[in-house]
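The values are calculated or read from the model by the stated rules, or taken from the named source; none is laboratory data. Being a predicted model, the structure only gives us computed values, none of them experimental. Using ideal geometry, Cβ is built from the backbone for each residue, glycine included, and neighbour counts are taken over all protein chains shown.
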Amino acid sequence: MITLLSAAFLVGFLGSLHCVGMCGGLVTTLAMSQKRTWWSGLISYQLGRILTYTFLGLLAGMMGMVITQVTWFADVQRGLTLFAGSLMILFGFTLAGWLPDPLVKMMSQLSRMIGLSKWIHAATNSRMPMSWFMVGLFNGLLPCGLVYAGLALSLTSGSIGLSAAMMLSFGLGTVPAMMFVPVVLKSASPKARGWVLKVAAILLILMGAFTMIRGSALMHSMHNMDNMQDMNHSGHHMPMNHDMNHNSHPMPDMNDMDMSDMGMQNMNMDGMKK
């Protein structure tokens, strides 16, 4: 459990530098709308995002519980682990700038559908934390490969509570970069940001590869344990049947008993009573 929570946190932490590039403009717009950094608004924004991630993790946990009921759950779990690892690797290449982000167009379209710009405009003209909270809530619904990787990883838990906790941990991992994104964008040079992104991308790629290897090894060991249990069960049943065949004796048939034998037994009983 701790390993899964740590993995989810690291995915969010390492990939959050991508959030600086994708969502940094949004956070900077909100931050710059005030004369000074309004920490209450930024914290409300983060809480909205984390709540959405946790809710998505809850839904993923429900799906995982349904999947656990099928007989081929081990194969599905293995496939989800490999899928999560491959998403991390793909996202790492996108983070480093070696591949274009395939979800940019989808993100802009969904942003228009849910009216995110309207909520952003309301938040920039408001001093109420709830406005910033709503922006974070809807922002968490935007398509993101990093979020999908976290959800795929949480699906492998097979538990509703653990899946929600993993996405909560994932969201907490993104907080450091997103909370201080205005400072990062102002202070860091483009060259420095490029190096930081590449280092984070390499770490994320390695973590994705480790997730795929770990998932394959785990599922392989699970299959081996199932096979050993099947062999043990079959080994226990066969000697039991063998012993029953050799040790069981047929009951005497009452019809074959002689009446004289029964009379002798009755006399012996009477003698013992006297």
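Tabulated data
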| quantity | calculated |
| --- | --- |
| Test: residue in region 74-83 that is touching a Lys or Arg at 6+ places or on another chain (Cβ under 9 Å) and modelled with pLDDT under 90 | yes |
| Breaking point among (1) surrounded by fewer than 17 Cβ atoms within 10 Å (Cβ to Cβ); (2) under 16 Å from Gly171 (Cβ atoms); (3) of a type in the set (Val, Ile, Thr), for Ile114 | (2) |
| Answer from Ala177, Ala149, Ala165 - the residue that is within 24 Å of the chain's Cα centre (by Cα), surrounded by 21 or more Cβ atoms within 10 Å (Cβ to Cβ) and closer than 17 Å to Phe55 by Cβ | Ala165 |
| Checking Ser187 against (1) over 25 Å from the mean Cα position of the chain (by Cα); (2) modelled with pLDDT of 75 or more; (3) not charged (D, E, K, R), the condition it does not meet | (2) |
| The lone exception for Leu141 - which of (1) part of a loop (DSSP other than H, G, I, E, B); (2) in contact with a His (Cβ under 6 Å, 6 or more places away or on another chain) it fails | (2) |
| Among the candidates Ser16, Ser6, residue that is part of a helix (DSSP H, G or I) and at pLDDT 85 or above | Ser6 |
| Per-region count, region 117-137, residues over 12 Å from Gly48 (Cβ atoms) and crowded, with 20+ Cβ neighbours inside 10 Å | 1 |
| Among the candidates Thr71, Thr94, Thr52, residue that is out of contact with any strand residue (DSSP E or B) (no Cβ under 8 Å at 6 or more places or on another chain) and modelled with pLDDT of 90 or more | Thr52 |
| Residues that are hydrophobic (A, V, I, L, M, F, W, C) and not in a helix (DSSP H, G or I), drawn from region 39-91 | Val70, Trp72 |
